[in-house]
Amino acid sequence: MMKRNSLKRILLLSAGGLFLICLISIYLGRNALLRSIVNKRTARLEATNGLHIHYDKLEMHGLNEVILQRLSMVPNQRDTLLTLQSVNIKLNFWKLLTRRIEVNHVTVDGLTLALVKHDSIANYDFLFKKDEQDRTQETSSRTSYAEKVNKVLDLCYGLLPENGRLEHIRITERKDSNFVAIHIPSLLVKENRFRSAVDIQEDTLSQHWIMTGELRQHASTLKANLYAADSRKITLPYITRRFGAKVTFDTLSYSLTKEVLSGNRICLTGKARINGLDVFHKALSPEAIYLDRGQLNYRVNLSEQAIEIDSATTVLFNKLQFQPYLRAEKNAGKWHLTASIDKPWFPADDLFSSLPKGLFSNLEGIKTSGSLAYHLFLDVDFARLDSLKLESELKEKEFKITAYGKTSLAKMNGEFMYTAYENGMPVRSFPIGPSWEHFTPLDSISPILRMSVLQSEDGAFFYHRGFLPDALREALIYDLQVKRFARGGSTITMQLVKNVFLNRSKNFARKLEEALIVWLIETERLTSKDRMYEVYLNIAEWGPLVYGIQEASTYYFNKRPSQLSTEESIFLASIIPKPKHYRRSFAEGGQLKENMEGYYKLLAGRLAKKGLISDVEADSIRPDIQITGDARNSLAGPKPESNSPVSKEE
């Protein structure tokens with residue numbers, strides 16, 4: 001028995017000794033092991049991406065401290081991408097045992113990242129190339145958005161230290177003769193808090209920023225603040241050159257916290273706040289947009305195939321606050337988007353006094369009373385665009401305009417000056433009223449012409465309140481199908497507002513301002529429907545530089561508007577959608593083309609239903625007119641290719 005126990009002790013001691021010898025061997029050989037692992041990884045990177053990676057020193061001190069000196073990364077036949085003088089990293093030893101990286105302390109000196117592009121050749125091209133393995137994995141497996149974001153955030157939180165010092169960090173981007181340089185002289189991280197000066201040089205513009213914040217790895221929380229070191233605003237670099245935009249602001253603060261939920265889901269919560277924001281881009285507005293203060297308290301949920309902005313998210317800009325909801329889900333490669341906003345009753349002036357300056361120039365300074373409520377619902381399944389649902393309604397209660405701002409929205413009630421534009425440039429200005437010799441009152445225009453144009457452009461004009469939801473829905477479906485703004489679903493009121501109140505540049509701000517002005521005019525009945533239609537017929541373009549029904553009647557038929565026949569009225573109605581291309585409707589010899597017959601039958605049938613002509617007359621209507629005005633001279637030349645007369649130009 002004693003011999004057996006002695007044998008066990010000997011075996012245990014031998015095993016323990018062997019284990020200790022292995023640990024000692026690993027410890028003594030840790031530097032060789034580390035370099036072996038790193039060299040294998042760098043060799044694969046070099047072979048795959050065409051790089052040359054070199055370092056002078058790589059070793060471990062103790063079990064959790066890594067020292068790297070004089071690292072360089074140079075793409076083949078390209079400018080040097082990265083250089084590093086030295087880095088000292090202290091890792092969490094216990095996290096390493098679980099194969100997770102968590103940096104406890106880091107000291108970095110002399111890190112330079114240089115992004116260089118000459119013509120179409122860049123030293124960072126390899127970052128955007130996918131190897132065959134990546135493509136195979138991408139097509140053979142579904143990527144979980146929650147998993148992808150979780151990995152990125154875990155890596156960021158793990159690599160960003162709660163204590164450390166980064167010295168002489170420089171990031172440059174150069175394209176031909178343009179460049180941006182970001183220099184961080186010293187960034188100190190102490191007990192989760194960091195602070196640093198940031199020097200920016202972009203071409204001839206120099207800026208000095210201050211960056212402060214807080215990082216807590218175990219709570220998965222990051223907070224950051226950015227502001228200028230002097231009294232000037234911060235100007236975001238690179239934006240102007242890359243996107244043609246200019247973005248400036250006074251201060252920016254941001255926070256992010258990650259929470260892991262059940263079912264492989266994660267939740268991101270936080271706050272973004274910006275003060276004194278100025279944004280300029282011609283696609284948004286011809287003038288700079290100013291936002292005094294804006295804040296976003298967000299909650300974003302991510303699952304395997306969906307990203308959701310929770311309705312607990314709150315958006316605040318100036319005085320206006322609302323809670324949007326957005327869900328984007330991808331199935332079989334197609335996105336399904338759902339969005340909604342439900343803003344219960346709130347003071348109307350909170351909306352109009354919060355409109356960013358420069359975005360709605362005609363509404364600047366407007367004062368209102370009463371209450372508003374807004375509802376929006378949008379559902380777009382890109383696999384079935386015809387199923388698109390769109391609901392948008394701005395309701396009012398005891399609403400009144402107490403003072404107009406920059407522009408009187410009731411100006412159409414009296415005589416006013418109208419300016420016609422061609423390619424964004426003014427070409428003619430004339431008064432809309434009795435002082436213009438070509439002005440024609442509504443009752444002096446042929447009833448058949450009035451109804452023909454109405455049925456062609458907006459048959460429900462005298463009954464709706466400025467918008468046709470079904471037309472907007474159909475226009476949005478078509479725009480998504482062709483992937484551009486091709487249709488606008490415009491009513492006559494919308495066309496009037498666009499031409500009378502707004503500049504002719506096509507941008508997002510113009511569409512929003514157009515919608516608000518239309519709502520105000522129609523809701524408050526600022527101008528009667530009869531007067532709006534009268535203005536419309538007197539400013540409509542009926543051909544190249546031909547404006548108003550009086551000029552059109554003379555140009556095509558040498559008649560007054562009250563003398564037009566049914567056939568002539570239908571023809572003039574067909575011109576409005578594409579006034580500059582009226583010649584496409586004619587064949588050689590000056591006769592209307594046969595493909596106009598369907599349009600004539602359609603309009604004639606509608607005129608008969610309205611009681612303006614009999615059914616017998618409608619059956620006899622044919623595209624048979626005689627051009628007797630000056631337009632006949634332009635029909636003598638070669639004709640452009642045919643185009644549908646009922647398609648609408650924006």
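Below are the figures for this structure:
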read-out: J(HN,Hα) series, segment 339-351, from Karplus relation 6.51 cos²θ - 1.76 cosθ + 1.60, nearest Hz, glycine and proline x; value: 9, 7, 9, 10, 9, x, 3, 8, x, 4, 5, 4, 6
read-out: Under 11 Å, Cβ to Cβ, from Pro441 - net charge with Lys/Arg +1 and Asp/Glu -1; value: -2
read-out: Prolate/oblate/rounded call for segment 381-438, Cα gyration tensor, a/c under 1.5 rounded; value: oblate
read-out: Those lysines that a straight Cα-Cα span of less than 17 Å connects to Lys40, excepting residues fewer than 8 apart in one chain; value: Lys57
read-out: Potential lengthening between Asp470 and Ser387 on full extension [0.36 nm per residue; Cα-Cα distance subtracted]; value: 28.6 nm
read-out: Segment 276-353 and segment 201-218: distance between their alpha carbon centers, rounded to Å; value: 26
read-out: Aspartates and glutamates with Cα under 17 Å of Lys233, excluding same-chain neighbours fewer than 8 positions away; value: Asp199, Glu202, Asp250, Asp278, Asp292
read-out: Gain in span if fully extended, Ser565 to Lys609, counting 0.36 nm per residue against the direct Cα distance; value: 14.1 nm
read-out: Acute angle (nearest 10 degrees) that the helix 2-28 long axis makes with the longest principal axis of the chain, alpha-carbon atoms; value: 60
read-out: Cα-based shape type of segment 411-634, given that a ≥ b ≥ c are square roots of the gyration tensor eigenvalues and the cut on a/c is 1.5; value: rounded
read-out: Crossing angle, helix 145-159 versus the chain [Cα axis fit, 0-90 degrees, rounded to tens]; value: 50
read-out: Total charge dipole magnitude, the chain, about the Cα centre, Cβ charges on Lys, Arg, Asp, Glu only, Debye to nearest 20; value: 3000
read-out: Net charge of neighbours whose Cβ lies under 13 Å from the Cβ of Asn558, counting Lys and Arg as +1 and Asp and Glu as -1; value: 0
read-out: Of Lys117/Lys148; Lys282/Lys357; Lys148/Lys258; Lys529/Lys559; Lys148/Lys330; Lys411/Lys529, pairs whose Cα-Cα distance is over 18 Å; value: Lys117/Lys148; Lys529/Lys559
read-out: Expected 222 nm ellipticity per residue - DSSP helices of 4 or more, -39500 (n - 2.57), all of the chain, to 500; value: -9000 deg cm²/dmol
read-out: Local electrostatic count, Ser369, Cβ distance below 14 Å [Lys/Arg +1, Asp/Glu -1]; value: -2
read-out: Between 0 and 90°, nearest 10: helix 508-523 axis offset from the chain longest Cα axis; value: 50
read-out: Extension reserve of the Asp109-Asp342 stretch, reckoned as 0.36 nm per residue once the Cα distance is removed; value: 78.7 nm
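Read-outs: derived from the displayed coordinates by stated rules, not from any lab. Just so it is clear, the model here is predicted, and its values are computed rather than measured. Here Cβ is always computed from backbone atoms with ideal geometry, including for glycine, and neighbour counts include all displayed protein chains.
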